[in-house]
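Here is the structure we will look at, set down as structure tokens.
What follows is calculated from the coordinates using simple rules that are stated; it is not laboratory data. Since the structure is predicted, the reported quantities are computational estimates derived from the model, not experimental observations. Positions of Cβ are generated from backbone atoms using ideal geometry, with glycine treated the same way; all protein chains shown enter the neighbour counts.
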Amino acid sequence: MSILEHNGAAIIAMAGKNCVAIGADTRFGLRMQTVATDFEKVFKMSNNVFVGLAGLATDVQTLRNLLKFRLSLYALREERDMKPEAFAALLSHLLYEKRFGPYFIEPLVAGLKDGDQPFLCGMDLIGAPVYTNDFVVSGTCTPNMNGMCESLWRPDMTPDDLFEAVSQCLLASVDRDAMSGWGAVVHVITPDGVTSKRLKGRMD
């Protein structure tokens, strides 16, 4: 088993009309053993940018703290929040710097660009980015999530429809993966703010 799958994860980011959503399961496990059901994998970086970190739990926490530190330095120097495109570039460079001893993380970046346009980006563990305008997934049940997202995603969804689509994709996918699940959290980013909701999942 890959070390990326050691703790389990399932993260989806999806675009709507002037909104974007990112959701993740809350399971923390050691291979097949579940240790906790409240482990955060999606983090708010600014009002318009969220990052989802799937992979080794220790690296998730390390990278989250490093990103918060870099964003604080940026805010002090520039006196403004970092845009999603710049944040994705920062994260890509941070990962590539460690390419010979990488963080075991496959991150997703979701946010709103200028003009309230959705921004979605996924990366591998050395920071090679892929940009998309529909959805991007990461974690141990990637094939399941890709299939569900292809079935349920449609262009120009409202925030409520987007929340429903991400929730259904996430819950249906983790039911077929022993390494993820046990509850979930979904964040919907709109020009008016962020709405976060917790989902109940199967606990067996």
Report task. Taking only the C-alpha atoms, wrap a convex hull around segment 11-108 and report its volume per residue in Å³ as a whole number. Result -> 109
Query raised in the report: ³J(HN,Hα) across segment 95-111 via Karplus (A = 6.51, B = -1.76, C = 1.60, θ = phi - 60°), whole Hz, x for Gly/Pro?
Result: 5, 5, 4, 9, 4, 8, x, x, 5, 8, 9, 10, x, 10, 10, 10, x
Requested in this report: Pairs to check: Lys83/Lys197; Lys68/Lys200; Lys44/Lys113; Lys83/Lys200. Give those whose C-alpha atoms are more than 21 Å from each other in this structure.
Outcome: Lys83/Lys197; Lys68/Lys200; Lys83/Lys200
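Exactly which trypsin sites (Lys or Arg not before Pro) in segment 88-162 are in a DSSP loop and have at most 12 other Cβ atoms within 10 Å?
Arg99
Could you state the per residue volume, in Å³, of the convex hull enclosing the Cα atoms of the chain? Don't jump to the answer; show the numbers that get you there.
Working: hull volume 21.4 nm³, N = 204.
Measuring per residue, one finds 105 Å³ for the Cα hull of the chain.
When Rg is the radius of gyration of the Cα atoms in segment 121-178 and Rh is its Kirkwood radius, what does Rg/Rh come to? Before the final figure, lay out the partial values.
Working: Rg = 12.1 Å, Rh = 12.3 Å.
Rounded to two decimals, Rg over Rh is 0.99.
Before anything else, pin down the relative contact order of segment 65-204: Cα pairs under 8 Å, at least 6 apart, normalised by residue count, whole percent.
Numbers: 186 pairs, mean separation 20.6, N = 140.
With pairs under 8 Å counted, the relative contact order is 15 percent.
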Query raised in the report: Between Ala178 and Arg202, what is the label-to-label distance in nm when each label sits 7 Å out along the Cα-to-Cβ direction?
Result: 1.3
Query raised in the report: If R0 is 22 Å, what FRET efficiency do you get for Arg154 and Lys113 from their C-beta distance, rounded to 0.05?
Result: 0.60
